[in-house]
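Asker: This is the structure, below, for whatever I ask next.
The values are calculated or read from the model by the stated rules, or taken from the named source; none is laboratory data. Everything numeric in this text was worked out from a predicted model, so none of it was measured. Here the Cβ positions follow ideal geometry from the backbone for every residue, glycine too, while neighbour counts run over all protein chains shown. Keep in mind that these areas ignore ligands, DNA and RNA; they rest on the heavy atoms of the full protein, side chains included. Shrake-Rupley method; radii C 1.70, N 1.55, O 1.52, S 1.80 Å.
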Amino acid sequence: MKMQEGSVLPLADPQLIPRASDIGSKAIHLYEDVLIAIFDCFDTSESVGRTACASCSRPALRALWKNIGATLLPLYWILLPDDFVGAWVDRHGRQEQLEMYILKILKDVPWTDPAIWERFLLYAAYVHHVPFQGCLHTCEIPLVRSLVSRNGQKTFLPQLRSPAWFEAPHVASVLACLVSPSLTTVKLMINTLTPSAQVEEVLHFLPRLAPMISDLTIASSSPLDRSIPSLCSFGRLRRLSLPNHLLISDLSTFPWSSQETLMHLRCSTTGFRQLLHPNPAGHFDLPSLRLLYLGPTSTDDLLAIIEQLHAPYLRNLVIKVEDEDNYPSEILAQTVLLRAVSRASFVGTLTCFAFIVRSLSLIPSRDPPTTSTVVLDIIRPLSSLRALRELSVSYRTSDATLGTDDDILEVARAWNDLESLRLMLPSSKKYDCDGFPGLDSLAHLAEHCPRLTSVSIPLALVHPPSHVRSGDEGSRVWLPASHPLQSLRLSIRQWNDEVAPDVVARCINDLFPHLSTNGFHYRHPIPAIMALDHYKTKWILTMEAFQALKMGTGRGARDLEPLD
């Protein structure tokens, strides 16, 4: 029979996949002409063809069922009578409320047919990931328990590796029905109303039923502090994330074995002290730690942790500060904190550092320069971190300014090997003038940081570049045409008429010849609806000039996109 061009065939035997067209997930297909081209290269005798189909079927099934989506519904469909889903859709014209109807029907089905049950267990064994979205429905809980009972009180997901589970009061002990010894990653969200005894039960049976868990995330749906039991039973953890203010209710008096194996840790400073035990010298030894995310918390708490931390191989550090103190003490404490970071045990290995500051107090804006927060002055102690490749500073205080072109020059000379630089300040209700660098700062970065691929920075276009002002082309910073910058995101805090859009475009094109129009972005420093029209016009003209330059050099261009 002649095959129609462009038709598709399932990769696996249709009889091996239970009603793939009804499952609603993404089935794997290949065009017939591709299959024909493949099999034309081989012996297509009956025996060889049968072997080839069997060999392709198993990998295809594993790929199809490895991640079945956010529910177990595709598995439940296997237990339904033949053509049930198709008949439902034909009768109702949609799948609305179908899931609820299926759960109610399966609630009373005894599954006495051995063939159906064997097929169910076959496909359930392929499932590795189930990122549950929200809680299980009330109708699904007895169904899960019935399936486990039918399977001899063993989980019907023997290869489950990473569930994302929402623990609520009505799903008590259900997770224990699904956990398998192959489990390695668990993301546990705790409902606000879940009793502490129920949470304690979950954290007690998880390491017992799944001793190979190495990645654990525990979060609470409530922003308030919540207590959880000790995690000392998890002895093989490599990644631990406690993003909320979770407190340990029963502290252990002996060292935690995971303290030797932890590679990624995210928690508050309180959780840090409750989880870990200092050595006789008062230091927190984390010999395997590679990534640490601390906060949000006060500067003083963070300082105490950094001074006691001994993590000689730490590469990625994120510090999130939330302060309520008055203005002068905030600045001093943050500078002292960053000085401690620059002297820590990981000073020679730290390659990525993010510093996030958010003020909880409503401090009115002050007029710079006498009382404004100069961000580059605060981070100056970090200049000793010569191994830095990525630096991100996000300063969320109303009176923050960045610094001058000379400050950026100092940054560029301190970190010659930087690959990513992100300097982010909060939105403002007005366009500022003082306290922000100009186009010369980009020249400093281009000259002294030859590995930069991404830059995000606020600028004040008050004066043209130095070589334009002096009229001396010899003073221009001439750079090799191989600078790798791929992304430039600007926030223009001031744009005087003296700086023409074509000058801006030409300057950036000269400094970063490999920067395409797709990588050149602009964000308003104030809400876009409040932005001045002539600022929008200048940016449009800049992009048109930049696009024309790229088209003239043969590099990629894009259509203009709406402003943010």
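Asker: Mind listing whichever residues of the stretch 395-408 are open to solvent by less than 40 Å² (accessible area, probe 1.4 Å), at pLDDT below 95 and not acidic (Asp, Glu)?
Answerer: TYR395, THR397, ALA400, THR401, LEU402, GLY403
Asker: Every residue in the stretch 152-177 that is assigned to a loop (DSSP other than H, G, I, E, B), open to solvent by 10 Å² or more (accessible area, probe 1.4 Å) and not aliphatic (A, V, I, L, M), please. Full working, then the answer.
Answerer: As a first pass, look at the stretch 152-177 and keep what is assigned to a loop (DSSP other than H, G, I, E, B): 152-161, 168, 172-174.
Restricting the remaining residues to those that are open to solvent by 10 Å² or more (accessible area, probe 1.4 Å) gives 152-155, 158-159, 161, 172-173.
Of everything in the stretch 152-177, those that are assigned to a loop (DSSP other than H, G, I, E, B), open to solvent by 10 Å² or more (accessible area, probe 1.4 Å) and not aliphatic (A, V, I, L, M) turn out to be GLY152, GLN153, LYS154, THR155, PRO158, GLN159, ARG161, SER173.
Asker: On the basis of being open to solvent by less than 50 Å² (accessible area, probe 1.4 Å), at pLDDT below 90, part of a helix (DSSP H, G or I) and touching a helix residue (DSSP H, G or I) at 6+ places or on another chain (Cβ under 9 Å), does SER146 make the cut? Explain how you work it out, then say what you get.
Answerer: On the way: open to solvent by less than 50 Å² (accessible area, probe 1.4 Å): yes; at pLDDT below 90: yes; part of a helix (DSSP H, G or I): yes; touching a helix residue (DSSP H, G or I) at 6+ places or on another chain (Cβ under 9 Å): yes.
It is true that SER146 is open to solvent by less than 50 Å² (accessible area, probe 1.4 Å), at pLDDT below 90, part of a helix (DSSP H, G or I) and touching a helix residue (DSSP H, G or I) at 6+ places or on another chain (Cβ under 9 Å).
Asker: For a quick check of your reading of the model, give me the residue pairs whose first member lies in the stretch 103-129 and is β-branched (Val, Ile, Thr), whose second is at pLDDT below 90 and not in a helix (DSSP H, G or I), with beta-carbon atoms closer than 6 Å and at least 6 apart or on different chains.
Answerer: Within 6 Å, the pairs are VAL127/ILE68.
Asker: Across the stretch 409-430, which residue is nearest to the chain's Cα centre (by Cα) among those that are modelled with pLDDT under 95 and closer than 14 Å to LEU490 by Cβ?
Answerer: Among residues in the stretch 409-430 that are modelled with pLDDT under 95 and closer than 14 Å to LEU490 by Cβ, the one nearest to the chain's Cα centre (by Cα) is MET424.
Asker: Just give me the residues in the stretch 208-237 being modelled with pLDDT of 90 or more, open to solvent by 20 Å² or more (accessible area, probe 1.4 Å) and not in a loop (DSSP other than H, G, I, E, B), in sequence order.
Answerer: Passing the criteria: ARG208, LEU209, ASP215, THR217.
Asker: While we're looking at this one, here's another question. Among (1) open to solvent by 20 Å² or more (accessible area, probe 1.4 Å); (2) in contact with a Pro (Cβ under 6 Å, 6 or more places away or on another chain), where does SER383 come up short?
Answerer: Condition not satisfied by SER383: (2).
Asker: If you don't mind, another one. Within the stretch 373-392, can you find the residues that are assigned to a helix (DSSP H, G or I) and polar (S, T, N, Q)?
Answerer: Step one: of the stretch 373-392, the residues assigned to a helix (DSSP H, G or I) are 375-378, 380-384.
Once the filter is applied, which keeps residues that are assigned to a helix (DSSP H, G or I) and polar (S, T, N, Q), the stretch 373-392 yields SER383, SER384.
Asker: Looking at PHE205, PHE120, PHE166 in this structure, which one is under 20 Å from ARG239 (Cα atoms) and over 26 Å from the mean Cα position of the chain (by Cα)?
Answerer: Details: PHE120 fails: under 20 Å from ARG239 (Cα atoms); PHE166 fails: over 26 Å from the mean Cα position of the chain (by Cα).
None of the others qualify; the one that does is PHE205.
Asker: Ok, one more. Out of the stretch 180-198, which residues are open to solvent by less than 10 Å² (accessible area, probe 1.4 Å) and more than 25 Å from the chain's Cα centre (by Cα)?
Answerer: Pass one, the stretch 180-198, residues open to solvent by less than 10 Å² (accessible area, probe 1.4 Å): 180, 183, 186, 188, 190, 194.
Of everything in the stretch 180-198, those that are open to solvent by less than 10 Å² (accessible area, probe 1.4 Å) and more than 25 Å from the chain's Cα centre (by Cα) turn out to be SER180, THR194.
Asker: I need the full set of residues from the stretch 445-464 which are touching a Pro at 6+ places or on another chain (Cβ under 9 Å), modelled with pLDDT under 95 and either part of a strand (DSSP E or B) or open to solvent by less than 70 Å² (accessible area, probe 1.4 Å) (or both), in order please.
Answerer: PRO458, LEU459, ALA460
Asker: Here's another thing I want to ask about it. I'd like to check which strands (runs of 3 or more DSSP E) are fully inside the stretch 238-319 and have at least 1 residues that are at pLDDT 80 or above. Can you show your working first?
Answerer: Details: elements: 239-241, 246-248, 264-267, 291-297.
Qualifying strands (runs of 3 or more DSSP E): 239-241, 264-267, 291-297.
Asker: Follow-up. Yes or no: SER180 under 26 Å from SER222 (Cβ atoms), in a loop (DSSP other than H, G, I, E, B) and either among the hydrophobic types (A, V, I, L, M, F, W, C) or in contact (Cβ under 8 Å) with a residue 24 or more places away in the chain (or both)?
Answerer: Numbers: under 26 Å from SER222 (Cβ atoms): no; in a loop (DSSP other than H, G, I, E, B): yes; either among the hydrophobic types (A, V, I, L, M, F, W, C) or in contact (Cβ under 8 Å) with a residue 24 or more places away in the chain (or both): yes.
Against the criterion (under 26 Å from SER222 (Cβ atoms), in a loop (DSSP other than H, G, I, E, B) and either among the hydrophobic types (A, V, I, L, M, F, W, C) or in contact (Cβ under 8 Å) with a residue 24 or more places away in the chain (or both)), SER180 does not qualify.
Asker: Within the stretch 465-472, can one find any residue that is at pLDDT 90 or above and on the phi < 0 side of the Ramachandran plot? Don't jump to the end; show me each part of the working.
Answerer: Residues of the stretch 465-472 that are at pLDDT 90 or above, as a first pass: none.
No, there is no match, as no residue in the stretch 465-472 is at pLDDT 90 or above and on the phi < 0 side of the Ramachandran plot.
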